[in-house]
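One structure is given below, encoded as structure tokens.
No value in this document is a laboratory result; all are computed from the given coordinates. Bear in mind the structure is a predicted one, so any value in this text is a computation, not a measurement. Cβ: placed from backbone, ideal geometry, glycine included. Neighbour counts: every protein chain shown.
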Amino acid sequence: MSEIAAAVPRSSSRRWLIAASIGCAMIVLTMVVVALVILDKPQFGWLVGSMFLPVITSGVLLGGLIVLVSALNLPARKTWRGVTLILWALIALTSPLFGIMFLLPWGVLLLMLPLVIWILRTL
């Protein structure tokens, strides 16, 4: 019976870890789409329409919210790894507030991305 009770928190934390990975993937996907549109306008310019900015903004906000909620529910939230995930999510959540200067927080997100991926893989 104790083996089953010990396995319950592990599966719960695994679900939060998977959710954090999905949120991270959502943020990275939106950053890749924006980078493709900026770097190769003739090839990917068709993506930019009237709904491009709201979809990109909501994708980053939703991904950041998922990572934040997941990081707060992980057992390692009080360690430096959990704090790093929370900080990364907060930067993603506040990036649309910068308006046209959104590339500055996205640069920070991009610089921290290898560390965040490593944290998600080792948790």
Within the stretch 21-40, residues crowded, with 21+ Cβ neighbours inside 10 Å and over 12 Å from residue 55 (Cβ atoms) come out as 23, 24, 27, 31
Per the filter on the stretch 52-74, residues closer than 14 Å to residue 109 by Cβ, surrounded by fewer than 22 Cβ atoms within 10 Å (Cβ to Cβ) and β-branched (Val, Ile, Thr) are 56
Of those in the stretch 85-123 that are within 12 Å of the chain's Cα centre (by Cα) and among the aromatic types (Phe, Trp, Tyr), the residue farthest from residue 20 (Cα to Cα) is 106
Just wondering, is there one or more residues in the stretch 84-92 that are crowded, with 19+ Cβ neighbours inside 10 Å, among the polar types (S, T, N, Q) and either in contact with a helix residue (DSSP H, G or I) (Cβ under 8 Å, 6 or more places away or on another chain) or touching a residue at least 40 places away in the same chain (Cβ under 8 Å) (or both)? no
